[in-house]
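What follows is one structure encoded as structure tokens, with my remarks underneath.
The values are calculated or read from the model by the stated rules, or taken from the named source; none is laboratory data. Keep in mind the model is a prediction, meaning the values are calculated, not measured. Cβ placement follows ideal geometry from the backbone for every residue including glycine, while neighbour counts extend to all protein chains displayed. With ligands, DNA and RNA removed, areas are computed over all heavy atoms of the protein, side chains included. Shrake-Rupley method; radii C 1.70, N 1.55, O 1.52, S 1.80 Å.
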Amino acid sequence: MKIDNERLKSFIIDSELIGKKELDEADKKAAKTGKSIGQVLVAEGKISEADFAKLQAYVLGIPFVNLEQEKIPNDVLAIIPEPIARTHNIISYKKSGNTLEVAMLDPEDLETIEFIRKKANLKIVPRLTDRASIKHILEQYRKSLEAEFGDIIKKESSSALKILSGDEEASELAEEDLKKAAEDLPIVKIVDTLLRHAIVARASDIHIEPGEKEVVVRYRIDGILHDAMILPRQVAAGIIARIKVLSNLKLDEHRLPQDGRFKIETEMEKVSFRVSVLPIYEGEKAVMRLLPENSKGFTLESLGLHGEQLELLHRAIKRPVGMILITGPTGSGKTTTLYTILDIVNTPEVNISTIEDPIEYRIPRVNQTQVKPEIGFSFGTGLRSLVRQDPDIIMVGEIRDNETASLAVNAALTGHLVLSTLHTNSAAGTLPRLREMEVEPFLISSTVNIIVAQRLVRMLFKSKTPYKLSKEEIKELSREVDVARMTKFLREEKVIKASEDFTDATFYKPTPTSESPDGYQDRIGIHEVLPVNESIKHLIISNATSDDIEKQAKSEGMMTMMEDGLMKAAQGITTIEEILRVTRE
């Protein structure tokens, strides 16, 4: 089933997916790197992985199957064990009599096909698929922790219980006992499964919370915490010990909080885990933040910025000096927006330095510094040192106090572009907040270029139900938003026709599916972007309230977060309920 290279190149040319010149360049790179021509073309984005898989299927005379929307019966899926499916990218998806159809990425992997044939005692019929299909089906292996690892948790953990001496508290155990528990196979398997299941479930955080009689494991998915697993109370010390071993934390320290990191790498994913262990009454609670390292970089558009707000932010980014402030509560995606802006301005011509707590993602060519309050290295002391490092652009993770605010403003005044975040509820509320931090109004008006306030809302999954608002619903909504302004925005964005009004807008309800029980998947930002222009500067200097500043900005066309959210709801991206949930917090 091996594809002849010349024949493949001929088919690529015939397909008109790329030109001969690009193909020849890819062929040279393939010869130089030892990769296949297909790997080079896909890696460079010349051909999509799905298109190349279809081309391979055509050349080989093997049907191509797309499984992205499929739900495979558990008995068929289980024919190929998950470790083999994940390692060799092969899925069993259809069984008829003694024939098993398998979808795979590499049809030349005859060894795996033969292994499955012997194990299943079935005739194997290979089909080609793409990586998105494989990833989708691999998720089905992890849908139920209880089903897959029930035996480990209920039976095999007995050895861990013996090590942990029944009801003994972790604080009473010797470091040697904890280390032994952390290396016990059932504990290792439980922790490994919890981590990998969280990756597949797209969780942003894992909470491991010991109680009086049990340990509750919860995942935060799309901003909402969900119970994932209930474990026996006796395994709590072993699980925490295992997490400490992975994170290089002190096993015998149970009285003080500890922070660490570790990384998991598979063929398909590379994820860093930021770990926080905190002593509580029932023992120690662990929270792990998942930070995918090989995820594609965001763009401002993919974060949810659009239209005039996008243009205003791009204009501010291009300015060599001043401040760009991103505001919102914890968990509203401020840091992601900052990293996205850093990615845009990160060119060889500029020196970028950051002071962060913590460093969430490593960015090539950016000098990133972690604050360490325990040794007196704060945002303020770090920022003082940064300005002596000849930076063009400075990113301050958060302006928390008067000292940091003053230093950030002075850095912006002395020829630097400063990016930072604040905890305020609205864009206009940022300006009085800076005044509270004892920054002079004339300095605020001289340095702040633009303020972006944001929240994250859950996005509707593929299935959704359209509906139109009733008169009662519009009346209720008019208490939160100016319907006439909203109609104007909807017309400008061509969501409704020029002859239509707000009552003609179509909104959507989530439709629960097996893939998305609540009808939502992933999140997107809703924003309000406030440029500090001459009229806003005048209001700042005259100590105007945040209400006055917002009123002026709205009169000049600023779309509020609520209005931006309703725009996205009318575009079928999210729901009105989601917008109200996050803007009323």
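At full extension, ARG131 and SER15 could sit 39.7 nm farther apart than now, given 0.36 nm per residue minus the alpha carbon distance. Here each label is just a point 7 Å from Cα along the line to Cβ, and for ARG233 and ILE541 those points are 6.7 nm apart.
Quick one: with all protein chains in place, what share of the accessible area of region 82-142 is carbon or sulfur, to the nearest percent (1.4 Å probe)?
Values: 1340 of 2780 Å².
Percent of accessible area from carbon and sulfur atoms in region 82-142: 48.
Projected label points at ARG362 and THR87, each 7 Å from Cα along the beta carbon direction, are separated by 2.8 nanometres. Just the protein heavy atoms count here, and of the accessible area of region 417-499 at 1.4 Å, carbon and sulfur take up 50 percent. Surface composition of region 259-372: carbon plus sulfur atoms hold 52% of the accessible area, using a 1.4 angstrom probe and ignoring ligands, DNA and RNA. Between the alpha-carbon centres of region 42-101 and region 357-420 there is a gap of 48 Å.
Over the chain, what is the relative contact order in percent, taking alpha-carbon pairs closer than 8 angstrom and at least six residues apart? The partial results should precede the final answer.
On the way: 967 pairs, mean separation 50.8, N = 585.
About 9 percent, as a whole number.
For the chain, a crude dipole built from +1 on the beta carbon of Lys and Arg and -1 on the beta carbon of Asp and Glu, taken about the Cα centre, is about 1100 debye to the nearest 20. Summary value for region 5-59: 34 percent relative contact order, contacts being C-alpha pairs under 8 angstrom separated by 6+ residues.
Accessible area per residue for the chain, computed on protein heavy atoms with a 1.4 Å probe, is 49 Å².
When the helices in the chain are scored as -39500 (n - 2.57) per DSSP H run of 4 or longer and the sum is shared across all residues, what 222 nm value do you end up with, to the nearest 500 deg cm²/dmol?
Working: 25 runs with 236 residues, N = 585.
Mean residue ellipticity at 222 nm (helix-derived): -11500 deg cm²/dmol.
Note on THR465/THR99: beta-carbon distance plugged into 1/(1 + (r/R0)^6) with R0 of 35 Å gives a FRET efficiency of 0.35.
Gain on full extension, evaluated as 0.36 nm per residue between SER302 and ARG479 minus their Cα-Cα distance, stands at 60.7 nm.
Distance between the 7 Å Cα→Cβ label points at LYS263 and GLU493: 3.9 nm. The Cα center of region 518-544 and the Cα center of region 228-242 differ in position by 44 Å. Of LYS32, LYS179, LYS285, the residue with the largest accessible area leads and the full order is LYS32, LYS179, LYS285 (1.4 Å probe).
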